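Worksheet: one structure, shown below.
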Protein chains: 2
Amino acid sequence: MATVERLSQRATASGSQPIGPLMHLALSRPELISLAAGFVDQASLPTELARKAIEAVLADPRHGQAALQYGSTPGFLPLRELVREQLFKADGAAMAGKHISVEQVFVTAGSNELLHLLVDTLCNKDDIVLCAEPAYFVFLGILRSVGVRAVGVATDAHGLIPEALEEELTQLEAAGELERVKALYLGTYFDNPSTVSLAEDRRGAVVEMIKRWSKKSTIRILEDAAYRELRYAGNDLPSLRSYDEEGDTVILTETFSKSFSPGLRVGWGFLPRDLVGPVADQKGNIDFGAPNFAQHVMASVLEQGLWRPHVERLRDHYRQKKDAMVAACDQYLGGIPGVKYPRPNGGMYVWLQLPEGVASGPGGKLFDYAVEEGMLYVPGEYFYSGGREAQRTDQIRLSYGFQSIERIERGIAMLAKALRRVLG
Amino acid sequence: MATVERLSQRATASGSQPIGPLMHLALSRPELISLAAGFVDQASLPTELARKAIEAVLADPRHGQAALQYGSTPGFLPLRELVREQLFKADGAAMAGKHISVEQVFVTAGSNELLHLLVDTLCNKDDIVLCAEPAYFVFLGILRSVGVRAVGVATDAHGLIPEALEEELTQLEAAGELERVKALYLGTYFDNPSTVSLAEDRRGAVVEMIKRWSKKSTIRILEDAAYRELRYAGNDLPSLRSYDEEGDTVILTETFSKSFSPGLRVGWGFLPRDLVGPVADQKGNIDFGAPNFAQHVMASVLEQGLWRPHVERLRDHYRQKKDAMVAACDQYLGGIPGVKYPRPNGGMYVWLQLPEGVASGPGGKLFDYAVEEGMLYVPGEYFYSGGREAQRTDQIRLSYGFQSIERIERGIAMLAKALRRVLG
């Protein structure tokens, strides 16, 4: 019989993800009001639209059978054409005259899978990916699992700070590590968790800077635009991709998980030409391409014009939930000195700064008291890689995506009670 | 501007897969009769059954919305319960008294994705996986991509030869490499490409042997049962899993891609208890779990009793196509000395031995003549890892899955013509 069980380095690293115990707690204590999970609002999920789209796919047996067959590795061509058109429409004048071929559109089962695929395609163990921090913790987990070093770059109320990026690249070059830097990762729309969108006047500068620092080999920008459509105020901004004249630097990733259904799970990205083959080769090894049927369904949703009106309804729906969470924060937390939170214009989160000295991590007083009071949040420290920048421990992420307005309000009241207990 | 583009080791290895040029040829020359692709028969794909199952999922808005929401990482619980029951039913007496909990059932988007996940969880670069050869070339590609060394183990008309496995393990131990051996991979039902099922009287011996050689750590058996349901003659055999008393060795993987629809893409596996957490952690990093909607649809297919009768119809359908291909081989190729092919009792392939000295690989005469005549096959050498065993170059895989009977017959006639040209 065996006496020692060893897993791969990747599996060992994956097993140490900090979010694991939190998810376990949420599952084992279903009575808790979780403002932690990034789930979308279940009541908003479009069963009637899905039925309509599926009926259209299955109405013609030949079309239906094509949808039930294996697809191609890069994805269903009409869907790729449709999301390409969508990008040119969203970016408007910013993309005018620029070219992205349909071959550069790559479909995956959600955009997270594409981010994983890109890290796996671009990076070896001990390579470096720069991350605007706080950063989506699942992406930090991907880097940890692949053995890639995340290097945090500071952000402010306008997103990634270009001067901080320049400083970090300068230091990495001085340390002889520039060649290890494979990518910069950042969310450019209502980022998870900061809720900030990268300011328009910084977008060109970031792309220019990364191109300038691509001295011996191209540093890619992984532009995560998962929340672009969940915009409740202000104008849409042009994507980072639209500032990339050569199209060799920015890889824009998007998804229908937030704007239609995460259960169908269709995401996509726009790849530089030189990465089309390598990403397809990698994906071919894993599963030959994203599930075909869901791609036909999403193409049908778009072709029938069902998506855009649904997004408009979603915006109204989430805007109310966002307003409710902000109002509850104002009511219950606003009077506590040192508590701060930017008012989000989109996305699914409120990013809360605690009073100085209050730690939010698991095992700390606030976390334990919050659970005692009956609610869950995500500790802010999960969104930091723990690199050169000191890990912030006095922030928390709250999601208004999944819970009802009534439960959002109760959850915030519970959090306030826990915080007041910590503050004595 | 960049001057050197470097990809990860994995991406570089993936880019060198031998099947790439073949797929490219098939896509660029659609007029060719491809007996190469492993696609299922499109006319057999069950649009009406899919519609019925989907209607049931969407009929109740609460159920429909749950299906359109994120699922859990290991998969939809009722589906996992159903495929668990299915295994106990299929294995019958062989599994009686054995226990597999529903927690050990893990769902992925097709079983290939699970095989990839398992390799990534178990193996580091330079580890070893033993492969019954000829072996499913996509699996060999996974190993190459992860940097794992495939070591071929000989098979005969009854599948993997236990004495060859013992000999290989003895040699690896002598070379100080036993600790690197993480798994044995084999298809146990109508294997792709050999069409052979591992003989019943070898099944227990293989499991016993691997357990005996698990001296310091457990060597796993990856049992690929993708074709189990496509059985056209003979009785079903008990799975290797049913010989694993402790349940720590055999990981049985299955899929609905062949027996229902590859476009929905639902596969699953039964994991040893100690791998449940690690596999879920890895999958969580990649995409949080297989697409949820398709899992609800497959659960509905099973709950409504739609699957089993469909499998019976499929068997009749493929049996006819298999008979047609074998008859065409008999008619056109049977008279050529040295040509041999076992008569398959299931699966989607005919595995053809060419006359001595005739090479089937790309760039060789037979391959080029076959394309000139208008057909495509998969060269047999792709199914060998090129390890200790000499790579066989005088075999080819023919699929009767996708093409119509009429085109199967024409394709075989073309192949015969090409072969006669080679033989002069």
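Assorted remarks:
- For the stretch B:212-276, a Kirkwood radius taken over Cα pairs fed into Stokes-Einstein (20 °C, viscosity 1.002 mPa s) yields D = 160 µm²/s.
- Loop-resident chymotrypsin sites (Phe, Trp or Tyr not before Pro) (DSSP state other than H, G, I, E or B) in the stretch A:266-347 with no more than 15 further Cβ atoms inside 10 Å of their Cβ are absent.
- Per the Kirkwood formula applied to alpha carbons, the stretch B:307-397 shows a radius of gyration over Rh ratio, Rg over Rh, of 1.04.
- Distances in nm from residue A:29 to the matching label points in the other copies, shortest first (labels 7 Å along Cα to Cβ): 6.5
- The GNM of chain B, with springs linking C-alpha atoms under 10 angstrom apart, assigns the highest mean-square fluctuation among B:275, B:230, B:140 to B:275.
- For B:123, A:329, the sequence from fewest to most other C-beta atoms within 10 Å is A:329, B:123.
- DSSP bridge orientation in chain A - percent antiparallel, rounded to nearest 5: 50
- Simple rule: put +1 on each Lys or Arg Cβ and -1 on each Asp or Glu Cβ in the protein assembly as shown, find the dipole, and look at B:310, B:139, A:415; the Cα lying farthest toward the positive end is B:310.
- Helix content alone sets the calculated 222 nm mean residue ellipticity of chain A: runs of n ≥ 4 DSSP H residues at -39500 (n - 2.57) each, divided across all residues, give -13000 deg cm²/dmol.
- Nearby lysines by direct alpha-carbon distance to residue B:89 (threshold 20 angstrom, same-chain neighbours under 8 apart not counted): B:98, B:258
- A P(r) calculated from all alpha carbon pairs of the protein assembly as shown, with 10 Å bins opening at zero, reads 2, 13, 22, 25, 20, 12, 5, 1, 0, 0 percent.
- C-alpha center-to-center spacing [the stretch B:160-211, the stretch A:157-193] in angstrom: 49
- Taking the three principal axes of the alpha carbon atoms in chain A, the coordinate ranges are 66, 64, 56 Å, sorted in descending order.
- Taking 4 °C and 1.567 mPa s as conditions, the stretch A:176-248 diffuses translationally at an estimated 98 µm²/s according to Stokes-Einstein applied to its Kirkwood radius (Cα pairs).
- Counting charges near residue A:195 (Lys, Arg +1; Asp, Glu -1) among other residues having Cβ under 10 Å from its Cβ returns a value of +2.
- Over the C-alpha trace of the stretch A:95-249, radius of gyration and Dmax come out as 14.9, 44 angstrom.
- Electrostatic bookkeeping for residue A:394 treats Lys and Arg as +1 and Asp and Glu as -1; over the other residues with beta carbon under 13 Å from its beta carbon, the sum is +2.
- Charge dipole (chain A, unit charges on Cβ, about Cα centre) - positive-most of A:284, A:320, A:11: A:320
- Once the mean of 1/r is taken over each pair of separate Cα atoms and inverted, the stretch A:1-160 shows a Kirkwood hydrodynamic radius of 20.3 Å.
- Cα centre as origin, Lys/Arg/Asp/Glu Cβ charges: the protein assembly as shown dipole, Debye: 740
- Within-9-Å neighbourhood charge of residue B:91 [Cβ basis; K, R +1; D, E -1]: +2
- The ranking of B:170, A:255 by Cβ neighbour count inside 10 Å, starting from the fewest, reads B:170, A:255.
- Arranged from fewest to most other beta-carbon atoms within 10 Å of their beta carbon, A:28, A:259, A:300 become A:28, A:259, A:300.
- Stokes-Einstein translational diffusion, the stretch B:281-344 - Kirkwood Rh over all Cα pairs, 1.002 mPa s, 20 °C, in µm²/s: 136
- Put a plus charge on the Cβ of each Lys and Arg, a minus charge on the Cβ of each Asp and Glu, and nothing anywhere else: the dipole of chain A about its Cα centre is then about 680 debye.
A short reminder: the numbers here are calculations on the coordinates, not readings from a lab. If you're wondering where the values come from, they're calculated on a predicted model, not measured in any experiment. Positions of Cβ are generated from backbone atoms using ideal geometry, with glycine treated the same way; all protein chains shown enter the neighbour counts.
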